[in-house]
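The values are calculated or read from the model by the stated rules, or taken from the named source; none is laboratory data. These numbers were taken from a predicted model, which means no experiment stands behind them. Reconstructed Cβ throughout: ideal geometry from the backbone, glycine too, with neighbour counts over all protein chains shown. Keep in mind that these areas ignore ligands, DNA and RNA; they rest on the heavy atoms of the full protein, side chains included. Shrake-Rupley method; radii C 1.70, N 1.55, O 1.52, S 1.80 Å.
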Amino acid sequence: MASSFSNYFKILLSILFFIIFFTSHSFSSSNYSLSNIVINSTSEFINHTAISEFRILNRRILSKCPDPNPYLSITTASNSSLSDESFVTVHVSGVLVPSKGDWVGMISPSYSDTSSCPFNALQYQQTGDFSELPLLCHYPVKAQYLSKDPGYLNCKKKECKKHVKGSCEVRTCSASLSFHVVNFRTDIEFVLFAGGFATPCILKRSNNKLTFTNPKQPLYGHLSSIDSTATSMRVTWVSGDKAPQQLQYGEGKSQTSQVSTFTQKDMCSSILKSPAKDFGWHDPGFIHSAIMTGLNPSTTNSYTYGSDSSGWSEKITFKTPPAGGTDEVRFLAYGDMGKAPRDPSAEHYIQPGSLSVVKAMVDEVSSGNVDSVFHIGDISYATGFLVEWDYFLHLITPIASRVSYMTAIGNHERDYIGTGSVYATPDSGGECGVPYETYFQMPTQAKDKPWYSIEQGSVHFTVISTEHDWSQNSEQYEWMKNDMASVDRTRTPWLIFTGHRPMYSSVTGGILQNVDDDFVKAVEPLLLANKVSSNYFIWIGELYTLS
């Protein structure tokens, strides 16, 4: 029996090393052509977030450019209706003098205020960025410089706009850009700016607004386990329709969804409005959840979700994890993944390695090598810019719709001033765990108590929140103590204790401590008492796993 456990954990080690390998390489933040670079590279990303100059865009005064150009035009090749995933071609023409500072921003919804809000600078500091300059009233979803079209600056695409006596007197230049768009239910407008991200001014707004063909379409379904029997699985999805929908699975079984959502009123704020409360807000639609019952562990099945009025998802094949107390489990574990654009755009928060990690995980899941996934904190990095959640859910759907996707809360989901977070930082941008707990409904005891345990195969997973009070005699401390003490090591000989922030790390300097003394003093005795040894210690970003 011991040798079989050893073999299973050799597999686990190799999978975790596989993920570490794909997330531990560096990337230059000056290059945003991620679609051409990220997928083909495993050697350029190492613990790096590509914080582009786009992130300082909202710190600039915005005005209308003093541009008398009568020929300028910005149009889209798409018709007014978009599918659930589209690449929209934006065409800019009539440019008299191409400039490196010309760029196009994607605004959603189209009626968003793109004027100047000089008092928003302090609000934006709540995302962890600091500036003395004012911000725009609304944040563009993404942006691209026209120079992304290689023929723009040298005007390879010429048009004659004015003829005099048979000869061309006025020639203009043009460019085309491609924007990746997913169904986030609101309409879209493209705006042409000059002056770069440092001194932006509006040149032209697109005349047509793009809408999604079906804003109510059920999308982004993902699975999670609700207990250790592996006979029931939760499916959570997003739709623009608040009416309950159906989860259909197996041989004619059906469950009606429970529907939830959140509003700006649910977002946290201080004296100054947070990004989530103000310029980063985007309507999340409605989150549906239903539970499949009567399943068998380690078994392949299928499901679909939706309604006749809103539409249906495709039929999805999935696999239940092994039940607790059995021999084998194969899982992927990581933290701090976030997302990256599938076009050359700059966005609010870019984690360049995320596309490589997702591609690698999709391959592993498709090959049948994975029973479940544990994403331990810093999930989407939306940090108060709510449209980022839709892009993240779209990114993980090929994985999370097919195997159990278990999560833990991190600082970029929960922390905010005055909300009881252990670490008093505004890292969530005002989300305060509300979007996270709505999108990822784990088997926790209650709302805003995001700790739980679950067993799969020979492993008991104790998943905690490092952002909630873990000090001695706290509610979470007592739960940890009781949970680990109750583990039957003859049934699940491996106990993995996990949470987002590291108790120890190799990082020196900066705000992250090499050793979190308070955390060690409070929690390490519990790990030692329950034989959660340090012989199996893995740190990925801010993730640690012990067994």
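Applying 1/(1 + (r/R0)^6) with r as the Cβ-Cβ distance of Thr293 and Ala529 and R0 = 41 angstrom yields a FRET efficiency of 0.65. Over all projection directions, the Cα-based convex hull of the stretch 218-442 averages an area of 12.9 nm². For the stretch 364-458, trypsin sites (Lys or Arg not before Pro) are listed when DSSP marks them as loop and at most 11 other Cβ atoms sit within 10 Å of their Cβ; the list is Lys447.
Of the chymotrypsin sites (Phe, Trp or Tyr not before Pro) found in the stretch 183-237, no site is in coil according to DSSP while having at most 15 other Cβ atoms within 10 Å of its Cβ.
In this structure, Val515 and Ala446 have a Cβ-Cβ separation that, at R0 = 35 Å, corresponds to a calculated FRET efficiency of about 0.65. Geometric descriptor of the stretch 259-331, per residue, is 184 Å³ (volume of the convex hull of the Cα atoms).
A convex hull fitted around the alpha carbon atoms of the stretch 479-529 yields 92 Å³ per residue. For the pair the stretch 322-343 and the stretch 345-388, the centres of their Cα atoms are 10 angstrom apart.
Against the criterion of solvent-accessible heavy-atom surface with a 1.4 angstrom probe, Ser465, Ser254, Ser506 sort, most first, into Ser506, Ser254, Ser465. With R₀ set to 30 Å, the beta-carbon distance separating Thr300 from Thr256 gives a calculated FRET efficiency near 0.80. Annotation for the stretch 239-345: GluC sites (Glu not before Pro) lying in DSSP loop with at most 11 further Cβ atoms inside 10 Å of their Cβ are Glu251, Glu314.
Protein-only accessible surface at a 1.4 angstrom probe places the residues Lys158, Lys165, Lys242 in the order Lys165, Lys242, Lys158, largest first. Give Lys359/Lys531; Lys319/Lys531; Lys162/Lys204 a once-over and call out the pairs whose C-alpha atoms are over 26 Å from each other. Beyond 26 Å: Lys359/Lys531; Lys319/Lys531.
Per-residue SASA remark: Leu96, around 80 Å² accessible (1.4 Å probe; ligands, DNA and RNA not included).
Let me cross-check Leu395: its accessible surface, 1.4 Å probe, with only protein heavy atoms counted, in Å² to the nearest 10? It works out to around 10 Å². Taking all protein chains together, Ile202, Ile291 sort by accessible area into Ile291, Ile202, largest first [probe 1.4 Å].
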